[in-house]
Amino acid sequence: MEQNQQQDYLSNQYQQSQQPLPNATAVLVLGILSIVICFITGIIALVLANKDMALYRANPGAYSPQSYSNIKTGRVCAIIGIALQVIVFLVYIIFIVFLVSAAGAAGSFN
């Protein structure tokens, strides 16, 4: 029992010495916003995520695994948000091309 408590104390002390990655929360928020609002926040999230992932890979023991998980989740959300915005942009382009070709076929450009 006493050994178990000592082990828990040591593991808690080790976890407290780890700091969160600097932009973990920002990457997560920007990644989620990239899905909802616009792709620019997704680009910012990807840049920050790549920077923080490099920090984590350089010294994984110094940073908490929870903050690294937030970075990965925010990065995935940013990629999804950017992909959705690209698809919407392509649909708009196809729609505009369709309208222009339909108007040209109807003879309204004469």
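Nothing in this text is a laboratory measurement; each read-out follows from the coordinates by a stated rule. Note that the structure is a prediction, hence the values are computed from the model and not measured. Note that each Cβ is placed from the backbone with ideal geometry, even for glycine, and that neighbours are counted across all protein chains shown.
Converting phi to 3J(HN,Hα) with the Karplus coefficients 6.51, -1.76 and 1.60 and the offset θ = phi - 60°, the stretch 73-85 yields 5, x, 5, 5, 4, 5, 5, 5, x, 5, 4, 4, 5 Hz in sequence order, with x at every glycine or proline.
Site pair M53 and I93 shows an inter-label distance of 2.6 nm when each label is modelled 7 Å from Cα along Cα→Cβ. 3J(HN,Hα) along the stretch 33-38: 5, 5, 6, 8, 9, 7 Hz, from the Karplus curve 6.51 cos²θ - 1.76 cosθ + 1.60 with θ = phi - 60°, whole Hz, x for Gly and Pro.
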